[in-house]
1. Pairs needed: first member in region 80-107, closer than 18 Å to His57 by Cα; second member anywhere, among the β-branched types (Val, Ile, Thr) and part of a helix (DSSP H, G or I); C-beta distance under 6 Å; at least 6 residues apart or different chains.
2. Taking region 41-70, which residues are free of Cβ contacts under 8 Å to residues at least 12 places away in the same chain and charged (D, E, K, R)?
Amino acid sequence: MAHLPAAVPPGAPEQGCPIRVEHDRRRRQFTVRLNGCHDRAVLLYEYVGKRIVDLQHTEVPDAYRGRGIAKHLAKAALDFVVEEDLRAHVTCWYIQKFVKENPLPQYLERLQP
C-alpha cells in the first residue's frame, strides 16, 4: 500500500513555495494569506511610545502550523523594527522564542527589557 502525503489545504503554502508577508501599517499587523482570502496568519503590534512598538501576538491557524509561517511573520516584524529605527517590547512568546533562536545583533540591540 502506498503512503500518501498528508492533505494540504487548498491554497496553503507548500514546501518550496514562497511565503509572502504583507504589512498593513494602518491596522498594525503583518499577515500571510492562506487559502485565498479566507484564512490568514497574523502578527499584531501596537505603538506604545513614539518610537517603541509592542510585538503582541502571532497566530497561525492549526491546519497551517509547522510550516515556518510564524517564522516569516516574526522576521518581517523584526526587520520592520530595524528598518524604521524603532525599539521593540516583545509580549508574544513566539517572537521571544524566535529571537532566542536567531540572536542577530540588529534584533537584540532594539529590544526593550
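1. Correct list of pairs: Ala88/Val81; Tyr107/Val99.
2. Lys50, Asp62, Arg65 - these are the residues of region 41-70 that are free of Cβ contacts under 8 Å to residues at least 12 places away in the same chain and charged (D, E, K, R).
Since every read-out is calculated from the coordinates, none of them should be taken as a lab result. This one's a predicted model, so the numbers in the text were calculated from it and none came from an experiment. As a convention, Cβ positions derive from the backbone with ideal geometry for all residues, glycine included, and neighbour counts pool all protein chains shown.
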